[in-house]
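Here is the structure we will look at, set down as structure tokens.
The values are calculated or read from the model by the stated rules, or taken from the named source; none is laboratory data. For clarity, every value in this text was computed on a predicted model and none was experimentally measured. Every residue, glycine as well, gets a Cβ built from its backbone with ideal geometry; the counts of neighbours run over all protein chains shown.
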Amino acid sequence: MKMSSGLMGRRLLGLAVAGMALVSGGAAFGAQPKPWEVTLQEAATPVMENIISFHNLLLVIITLITLFVLALLVIVVVKFNAKSNPVPSRTTHHTLIEVAWTLIPVLILVGIAVPSFRLLFQQLDVPKADLTVKVTGKQWYWSYAYPDNGKFEFDSLMAQDKQPRLLGVDNEMVVPVNKVIRVQTTGADVIHAFAVPSFGIKIDSIPGRLNETWFKATKTGMYYGQCSELCGKDHAFMPIAVKVVSDQEFAAWLEAAKKKYATNPANTYASAGGQAAQ
């Protein structure tokens, strides 16, 4: 039986999509690094969408500049070598060229600065938060507290029996979708850094200082990050897992978390089994 080219194309496309899902680890793992990935991770917040757009703009600009400089070098090598141009020009000044090579770079830098400052302001200007999460970096795991929703705290350690490898944890940070989440972070011992690429956030967790950032996840799912500041021998084994859920699911999780961690407000590293949980 002959198969039409259109049907064959759709089936091949379906197989390709399925293959990509398997390679990337499947939808259950959410946003995470992928093998041979050369682009930024998929955006899950407006800030990260703007970061990707700014990155793409800069990529175009630097590519055009590189090609322009390459073209000038080729022209110089071909046209102004000793064989092609045995009598070199004695010109020492050219007003138009000097104005151009001063003014054009200034205009390019201004064109880059405008969206850059706009993006920086968006990242640093924390809007009114719907939820605050306090994140404490410790050697070598994270502790999460929800100060506006009850006095409970829990630890999040890397779990060897969970996928994806080196990113799965025993207790995820859970937040509602389409809500402004303010992240207040500090360090309990040394400097750590709380970073989730899909959210476009990366901020140092410094002992004795409370830093803050924010994100607004527009898609449900699991999102992964890692400590991004060299903090000791197990620096590579303190992943970040953020589970974005619906309002109803978050309310249910919150009530369960209050009961689960009520008798042990600081679900400490020792009670979690220390390195065994890794």
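Within region 222-244, how many residues turn out to be small (Gly, Ala, Ser) and more than 15 Å from the chain's Cα centre (by Cα)?
Residues that pass the stated criteria total 2.
Residues checked against (1) out of contact with any Asp or Glu (no Cβ under 8 Å at 6 or more places or on another chain); (2) in a helix (DSSP H, G or I); (3) basic (Lys, Arg):
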residue	(1), (2), (3)
VAL190	yes, no, no
LYS202	yes, no, yes
THR213	yes, no, no
THR218	yes, no, no
MET222	no, no, no
GLN226	yes, no, no
LEU230	yes, no, no
LYS233	yes, no, yes
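Tally time: how many residues in region 107-156 are closer than 30 Å to ILE65 by Cβ and not charged (D, E, K, R)?
Of region 107-156, the ones closer than 30 Å to ILE65 by Cβ are 107-124.
Keeping just the survivors that are not charged (D, E, K, R) gives 107-117, 119-124.
Number of matching residues: 17.
Can you go through SER143, SER116 and tell me which one is assigned by TED's automatic domain parsing to the domain that holds VAL242 and touching a residue at least 60 places away in the same chain (Cβ under 8 Å)?
SER143
So which of THR136, THR132 is of a type in the set (Ser, Thr, Tyr) and in contact with a helix residue (DSSP H, G or I) (Cβ under 7 Å, 6 or more places away or on another chain)?
On the way: THR136 fails: in contact with a helix residue (DSSP H, G or I) (Cβ under 7 Å, 6 or more places away or on another chain).
Checking each option against the conditions leaves just THR132.
Only one of these conditions is not met by ARG165: (1) assigned to a loop (DSSP other than H, G, I, E, B); (2) in contact (Cβ under 8 Å) with a residue 40 or more places away in the chain. Which number is it?
Tallying (1) assigned to a loop (DSSP other than H, G, I, E, B); (2) in contact (Cβ under 8 Å) with a residue 40 or more places away in the chain, ARG165 fails exactly one: (2).
Out of the residues in region 194-224 that are crowded, with 23+ Cβ neighbours inside 10 Å and of a type in the set (Gly, Ala, Ser), which is farthest from GLU37 (Cα to Cα)?
SER205
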